[in-house]
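Here the structure comes first, spelled out in structure tokens, and everything after it is commentary.
The values are calculated or read from the model by the stated rules, or taken from the named source; none is laboratory data. What you see is a predicted model; the values in this text were computed from it and never measured. Please note: Cβ atoms are built from the backbone with ideal geometry, for glycine as well, and neighbour counts cover all protein chains shown.
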Amino acid sequence: MANINLTINYVEKLKPSDKKFNVRDKLINELILRVSPSGTKTYYLDVKLPNRRTMKKIGDAVVLTPQMARERAKEMLLQIQAGETFKPKLTLRKLLDKYYTTHELENYKTGQYTIDCIKKHFTWLFDRPVESITFIEIEQWRSKRIKTVTAATANRNVDMLKGALTYAYKHKLIDSNPLKGFPRLPEADSEEKVRYLTDEEYAALMVALDEREDELRAKRARTRAHAKGQHLPDTSATVYADYFKPLILTALGTGIRRNAIFHLLWSDIDFDNDTITLRASWAKNKKTAIIPMSRKVKAVLEAWRKECPGEIVFPSPKDGGYLDNADQSFAVVLKKAGIKNFRWHDMRHDFASRLAMAGVDLNTIRELMTHSDISTTMRYAHLSPNVKKKAVDMI
């Protein structure tokens, strides 16, 4: 087979066969792409050493573009010419598992949170040599990230990754830090970040949630009408069609952070004393907190408890384990309600803002929000222009 000018399009369209086969690059003869029967595509360097011929793995095609593979192949060829042996490159996975996780857990209370965030947001870099990470790909990731979070949150995410790479460089695990000098995004003033629902938006959201419930029930009824769907539970008489509406009502009525509410257990809910325990393992500040439960939230959870008898309060509909996100359903109901520029975390802002507008003092809001410092509470405890107008009209 003649050498091929490997391109992204060519590699993506390449089909596997019943036996593995190689495609040699036209630009760098030593670079080959191996395609296995399972469809796995891997770049190798095929070189002739003084006493033997050998193939050295460069990386997976799902991670490396052809041009990236060529650059790595050139580096490896230069190593051979210089008489160097192939040193295994430090991947992000190895950096976390062998070095950085232990460092974070031993030195910082928020160490586990940092590691969890890196694993959540940068899994796509795990099997890459850390020195191959580039500014442009992190910029591209961040551009997508800020569509759903604030610039401050995106900055924190990148800072966590940069912290791991800085650690590797300081401890001479890598020769250079690929993200040294990576710029942070400008962050808006704290008041600009606070977003809460107007009364009209809140009402529209409730209508959208009810419409979603009706659609789910209608879909379930159609499915149960067929033999293959008769084993599914009948939701026509249940209070909730699935987990999503009680999840949103609980989030709006408690201000609990997303990660904590996704990991709530029924053992955390005390219906006798009307409290919810936020376990330290899922709290941002890694401290256990007990918050009061309003009558509305209690009614929601009591009704949902009858329909959800397992251990997890809001289990994933996929596997019954912990939820990892509810972004798609959230986006659908927001669109249906005509609500724009409202993120999941803004439900927390909404909770604090409504407390402030109801005249609740800042220290109580701080305790309900589980803030360590009241200065953090100040950005939530704002008043809408209408409330300010009513206040001056009272004079």
**Members of the stretch 301-334 that are under 14 Å from residue 249 (Cβ atoms), small (Gly, Ala, Ser) and under 18 Å from the mean Cα position of the chain (by Cα)** = 326, 329
**Prompt:** Conditions: (1) acidic (Asp, Glu); (2) in a loop (DSSP other than H, G, I, E, B); (3) surrounded by 15 or more Cβ atoms within 10 Å (Cβ to Cβ). Residue 213 meets all but one. Number of the miss?
**Reply:** (2)
**Request:** Taking residue 179 as meeting all but one of (1) surrounded by fewer than 18 Cβ atoms within 10 Å (Cβ to Cβ); (2) modelled with pLDDT of 90 or more; (3) not in a helix (DSSP H, G or I), write down the number of the exception.
**Result:** (1)
**Message:** Can you report the number of residues in the stretch 314-324 which are within 16 Å of residue 258 (Cα to Cα) and touching a residue at least 60 places away in the same chain (Cβ under 8 Å)?
**Reply:** 5
**Item:** Residue under evaluation residue 233, criteria (1) assigned by TED's automatic domain parsing to the domain that holds residue 348; (2) at pLDDT below 80; (3) outside any loop (DSSP other than H, G, I, E, B), criterion not met
**Value:** (3)
**Item:** Those residues of the stretch 98-117 which are more than 24 Å from residue 288 (Cβ to Cβ) and crowded, with 19+ Cβ neighbours inside 10 Å, in sequence order
**Value:** 100
**Asked** Pairs under 7 Å by beta carbon, first residue under 12 Å from residue 56 (Cα atoms) and not assigned by TED's automatic domain parsing to the domain that holds residue 32 in the stretch 67-80, partner at pLDDT 90 or above and in a helix (DSSP H, G or I), six or more apart or different chains?
**Response** none
**Request:** Restrict the check to the stretch 202-220 and report whether at least one residue is of a type outside the set (Val, Ile, Thr) and over 24 Å from residue 331 (Cβ atoms).
**Result:** no
**Request:** Starting from residues that are surrounded by 19 or more Cβ atoms within 10 Å (Cβ to Cβ) and in contact (Cβ under 8 Å) with a residue 40 or more places away in the chain, keep the ones in the stretch 369-384 and report whichever is nearest to residue 251 (Cα to Cα).
**Result:** 369
**Prompt:** Which residue pairs have Cβ atoms under 9 Å apart, sit 6 or more places apart or on different chains, and have a first residue in the stretch 211-237 that is of a type in the set (S, T, N, Q) and a second that is assigned to a loop (DSSP other than H, G, I, E, B) and modelled with pLDDT of 85 or more?
**Reply:** 235/241; 235/242
**Message:** Consider the stretch 1-30. How many of its residues are within 14 Å of residue 58 (Cβ to Cβ), among the charged types (D, E, K, R) and either free of Cβ contacts under 8 Å to residues at least 24 places away in the same chain or outside the structural domain of residue 67 (by TED's automatic domain parsing) (or both)?
**Reply:** 1
**Message:** Being part of a helix (DSSP H, G or I) and buried (at least 19 other Cβ atoms within 10 Å of the Cβ) is the filter here; which residues of the stretch 236-258 pass it?
**Reply:** 244, 245, 246, 247, 248, 249, 250, 251, 252, 253, 254
**Item:** the stretch 307-320, residues that are within 14 Å of residue 242 (Cβ to Cβ) and either charged (D, E, K, R) or not assigned by TED's automatic domain parsing to the domain that holds residue 277 (or both)
**Value:** 307, 318
**Item:** Residue, nearest to residue 200 (Cα to Cα), within the stretch 302-354, restricted to residues that are in a loop (DSSP other than H, G, I, E, B) and of a type in the set (Phe, Trp, Tyr)
**Value:** 342
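Results for (1) under 23 Å from residue 161 (Cα atoms); (2) within 27 Å of the chain's Cα centre (by Cα), shown as yes or no for each residue.
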| site | (1), (2) |
| --- | --- |
| 17 | no, no |
| 23 | no, no |
| 38 | no, no |
| 72 | yes, no |
| 81 | no, no |
| 90 | yes, yes |
| 94 | yes, yes |
| 108 | yes, yes |
